[in-house]
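*Asks:* I am attaching a structure below and will ask some questions about it afterwards.
The values are calculated or read from the model by the stated rules, or taken from the named source; none is laboratory data. Keep in mind that this is a model prediction, so the values were computed, not measured. Cβ placement follows ideal geometry from the backbone for every residue including glycine, while neighbour counts extend to all protein chains displayed. Please note that ligands, DNA and RNA were not included when accessible areas were found on the heavy atoms of the full protein model with its side chains. Shrake-Rupley method; radii C 1.70, N 1.55, O 1.52, S 1.80 Å.
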Amino acid sequence: MNVEDRMDRWVRAGFGVAHRGGVYTIAGAHGTHFDVNRGTGVIGPVRAGTAAGAVLSSVRATDEKVSLQFAVAFPRHATLERVAVQVRGTRGAAYRAVVYARTDGRAWLALVRAHGGHVVRLGNLHRLRGHVRHGARMRVELWAGGTSPVRVHARAWVVGRGVPGSTVGYLDRSSARVSAAGNVGIMVSTPARSRATAVDVSRFVGWKLRPVVKPGPPPVSTSPVSTSPAPTSPAPTSPAPSTAPSSTPASTAPSTSTAPSTSTAPSTSTAPSTSTAPSTSTAPSTSTAPSTSPSPSPTSTITPPPTQQPRGSMPVGTAAYPVPSNALIVAPNGSDANAGTLAAPMRTVKAAVARASFGQTIVLRAGTYNEGFMINSGKDVTIQNYPDEAVWFDGSIPVTDWVQQGSTWVASGWTAQFDHSASYTTGSDAGGWVNPSYPMAAYPDQVFVDGAQLDQVASGQTPGPGQFAVDYSQHTLTIGTDPSGHELRASNLSSAFVVAGRLTLRGVGVRRYATPMPQIGTIFFGGSTGGDVVENVVVKDNATQGIGLGVQGCTLNHVTSVYNGLMGVAANTASNSIVENSVLSFNNTQHFNPAPSAGGIKIARSDHFVVRDNDVIDNAGVNGIWTDVTTTNFTIVHNTVIVDHGPYGILSELSDTGVVAGNSVIGAKYGYTAFDTGNVKVFNNVFSNNSVWDIGLSQDERRNTDSRTSTVCPWLVRNVIVSDNVLGSNAAFQFYALDKASGTPASSMNITVAGNFFPTNSTRPVMVGWGGGDNLTVTYYRTPSALDSGLGVDWHNAAATLDNSVNGSAQTFATPLPSDVATALDAPVGTTRVGVI
């Protein structure tokens, strides 16, 4: 990650300095006001016919991905608002993804290229699904990769409605293509004859990508490709945007000629934050002259740029793994009596799995597969998409026979029924999982309207708009939303894969399964074989846990597990497993209680489990990354954890021996916590906007009584090293340690707090809260010298006025990296840097 800005500072004029990426240059402002106020960056009002931008000119990248989250703020009688992100910004040139939002709720996405003072749209406008209302949070992402040609991709969506499974893209072969490295930035413009508009920016991040080869060579087969049948059921791309009609009147269709370009200009903002020193910047110009667009390349889902892949799965339909010559081919228009070749594909994946020999690959043609099955012990198969074809395992089916009854619509003959136990044990609701405000959370029934999930109410209640009810005894579905002109789907299957053998799953999507809690995963690995692999797979919109790991040696790589009812990944007895390069975000859509088990990922009873290079963001009201119940030798490194009103960012509970390093932890009640956990090295993390503490050590009365594990994991806080971290300035305590039950003072826990940076501000948090031996008393130390003097140590921490530009920089007060931490961070042993390496 080379760009990161959470806007969690206070800047009266301008945007100041990003956490990563340097100082912002404000340009083309035309009187537009810019400021940052504790979580929100404001651009606007932007007057009609003008444009404004903020760029990070010290970022110089050719292959780059950027992501912007913003909230639209339509004034009354405004017509259109345009918000864009850009990459490869140089003087007069850039690629941008532009979101056009109208006050009537319609929105579009377009790719544009600025070059030589002109702005050219690349391909068609793409209509975004749903409506955008005042104050709605939106996210737009843009990729660019390669030089000859240049591939650009983008997607945009309303936060909370599901991440699109596909992107819009363009292959730019024009002589005007932007091949040089350039800056990244945020642009806002307002068309003529519209009222001034404003945009609230809450998050801006970016990744510099390294060129790599796309997965796999061209497919090979013993059957001629020209004889392969065309699938009769094309792969869905929901919630992909649909294309705005070319005949849209000029008065309502968004134009693409007002996004600003870039020209050189120095920044005048001096507000500090967590970044490197400011450098001379580039800034947007305001040229809006239109230009004739070249003949567009196809702008539906196409192969993404040949660059290092960002975190998360490739969009469904873009992976291109090799097709072995002996692969079994499956297509929606095939027959299970066929040979399983390209010319004669099978029809169902279940039948192909049953037929497959040990180690054989099953290749799926584009389409939707409403299937769920078990891979039995002794089986070892690979299941993947056909190159560049979109394959979805979908646990729902269309429902069309709706009959209006008063204010509701009823479909009869619905026979799907699911267990609704509110625990991991069938028939039990013990454990306090369900929040009383969301009593239907454990009921896995699901209904979707145009891809948006309805809320379930109890049988016998009358559902209102956006709600549904299911009556098992009457075999009916009842909805409170008029289905006319909409696609209605309801979940009819509980799980996609139950794996007792060995499975490699890649290049597909898995969605809309009504998974009961005791099944512990829409994709569940529970056999004795282990060694399973999930790669470039999207798992979304399932009722409870997206993926469950119950066997050792599993690898989840570039997985997107989002918008699931309970959590992204649940792991238990999954030693020697790894979750990396993945996105585990926006889960707990059913608002389960944080305890006993909800969040982005939870690991229990596992040894040598690795969680690295993941985005664990905005899992609703719950923990981000959580180890629990005798998890040992864990590694949690280089993750971005942002908590949406939840308790813990990263929590190690009842665990022992681990490395927690190089993470960014933001917005939690408790940033990182070692709870009844010892032998942890907490190095080179960055904390921001947490409320109670950034790093905390807490002990209660629990002790491990299992003779098999109590020696290595006694559930005690002990031998904890906290070094080279950048602490935040918002929490009540930057570091806190207290035994609340057994009378052990912090000074007897063998804790080291050395080489950290403690920023200060006018409402300074307590630097260190140091627990006494009475389970209650906490001594406050407000400066590094007071801490050293009070404890009789020489720990060389540093504190200064709020200026986190030390993040990632060498510092004389830093503690040299020990070998195990250096290995986890992929850094040289002895490195002396503060913050994320």
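*Asks:* What list of ³J(HN,Hα) couplings, whole Hz, do you get for the stretch 679-689 from phi and the Karplus terms 6.51, -1.76, 1.60, once you set θ to phi - 60° and write x for glycine and proline?
*Replies:* Per residue, the Karplus-derived 3J(HN,Hα) values read 6, 10, 10, 10, 10, 6, 8, 10, 10, 7, 6 Hz.
*Asks:* When DSSP assigns beta bridges and you keep just the ones with both residues in the stretch 455-530, what percent turn out antiparallel, to the nearest 5?
*Replies:* Just about 45 percent of them are antiparallel.
*Asks:* Take the alpha carbon atoms of the stretch 441-495, find their center, do the same for the stretch 496-561, and report the distance between the two centers in whole angstrom.
*Replies:* Centre-to-centre (Cα) distance: 25 Å.
*Asks:* Here's something else I'd like to know. Rolling a 1.4 angstrom probe over the protein heavy atoms, how many square angstrom per residue are accessible across the stretch 431-540?
*Replies:* Accessible area per residue, the stretch 431-540: 33 Å².
*Asks:* Quick check: the distance between the Cα centres of the stretch 114-193 and the stretch 733-755, to the nearest angstrom?
*Replies:* Rounded to whole Å, the Cα centres lie 49 Å apart.
*Asks:* Would you mind computing, in nm to one decimal, how far apart the modelled labels at Thr752 and Asp455 are, each placed 7 Å from Cα along Cα→Cβ?
*Replies:* For the pair Thr752/Asp455, the computed spacing is 5.1 nm.
*Asks:* Which lysines does Lys681 reach when only Cα atoms under 23 Å apart count, and residues fewer than 8 places away in its own chain are ignored?
*Replies:* Lys602, Lys669, Lys740
*Asks:* Once you put a point 7 Å from the Cα of Val533 and another 7 Å from the Cα of Asp774, both along the Cβ direction, what distance in nm separates them?
*Replies:* 6.0
*Asks:* Continuing with this model, one more query. For the stretch 664-722, what does the accessible surface come to per residue with a 1.4 Å probe? Please give it in Å².
*Replies:* Per-residue accessible area for the stretch 664-722 comes out at 33 Å².
*Asks:* Can you list the HN-Hα couplings for the stretch 392-408, worked out from phi with the Karplus curve (6.51, -1.76, 1.60; θ = phi - 60°), rounded to whole Hz and with x for Gly and Pro?
*Replies:* Using θ = phi - 60°, the values come out as 10, 7, 10, x, 10, 10, x, 10, 10, 8, 8, 10, 6, 10, x, 8, 10 Hz.
*Asks:* Next up: Under 1.5 on a/c is rounded, so check that first for the stretch 364-416, then, if it is not, pick prolate when a/b is larger than b/c and oblate when it is not; a ≥ b ≥ c are the square roots of the alpha carbon gyration tensor eigenvalues.
*Replies:* oblate
*Asks:* Could you check how much of the accessible area of the stretch 594-686 is carbon and sulfur, as a whole percent, using a 1.4 Å probe?
*Replies:* Carbon plus sulfur share of accessible area: 52 percent.
*Asks:* Sorting Tyr781, Tyr443 by accessible area (1.4 Å probe), largest first, what list results?
*Replies:* Heavy-atom accessible area, descending, gives Tyr443, Tyr781.
*Asks:* Take Tyr438, Tyr95 and sort them by solvent-accessible surface of the protein heavy atoms, 1.4 Å probe, largest at the top.
*Replies:* So, going from the largest accessible area down, we get Tyr438, Tyr95.
*Asks:* Quick one: pull the percent of accessible area on the stretch 703-837 belonging to carbon and sulfur, 1.4 Å probe, ligands and nucleic acids left out.
*Replies:* 52
*Asks:* Please state the shape class of the stretch 529-604: rounded when a/c is under 1.5, otherwise prolate if a/b exceeds b/c and oblate if not, all from the C-alpha gyration tensor.
*Replies:* oblate
*Asks:* Name the shape class, rounded, prolate or oblate, that the alpha-carbon gyration tensor gives for the stretch 575-702, where a ≥ b ≥ c are the square roots of its eigenvalues, rounded holds for a/c under 1.5, and otherwise prolate holds if a/b is larger than b/c and oblate otherwise.
*Replies:* It is rounded, given that a/c, with a ≥ b ≥ c, falls under 1.5.
*Asks:* What does the extension gain come out to for Val692 and Asn326, with contour length at 0.36 nm per residue minus their alpha carbon separation?
*Replies:* Residue separation times 0.36 nm, minus the Cα-Cα distance, leaves 125.9 nm.
*Asks:* Moving on. Could you check how much of the accessible area of the stretch 446-502 is carbon and sulfur, as a whole percent, using a 1.4 Å probe?
*Replies:* Carbon plus sulfur share of accessible area: 45 percent.
*Asks:* What are the ³J(HN,Hα) couplings of the stretch 540-549, residue after residue, when phi is run through the Karplus curve with 6.51, -1.76, 1.60 and θ = phi - 60°? Round to Hz, x for glycine and proline.
*Replies:* Result, ordered by residue: 8, 6, 9, 6, 9, 7, x, 10, x, 10 Hz.
*Asks:* Taking 0.36 nm per residue of sequence separation and subtracting the Cα-Cα distance, how much length would be gained by fully extending the chain between Thr462 and Ser377, in nm to one decimal?
*Replies:* Contour length minus Cα-Cα distance gives 26.0 nm.
*Asks:* Separate question: Hey, rough spin-label estimate for Arg702 and Asn37, points 7 angstrom out along Cα→Cβ, what's it come to in nanometres?
*Replies:* 4.2
*Asks:* For Ala732 and Asn576 in the same chain, what is the full-extension length gain: residue separation times 0.36 nm, less their Cα-Cα distance, in nm?
*Replies:* Stretched fully, the Ala732-Asn576 segment lengthens by 52.5 nm.
*Asks:* To continue, here is another question. How large is the accessible surface per residue of the stretch 573-634, computed with a 1.4 Å probe and reported in Å² as a whole number?
*Replies:* I get 24 Å² per residue for the stretch 573-634.
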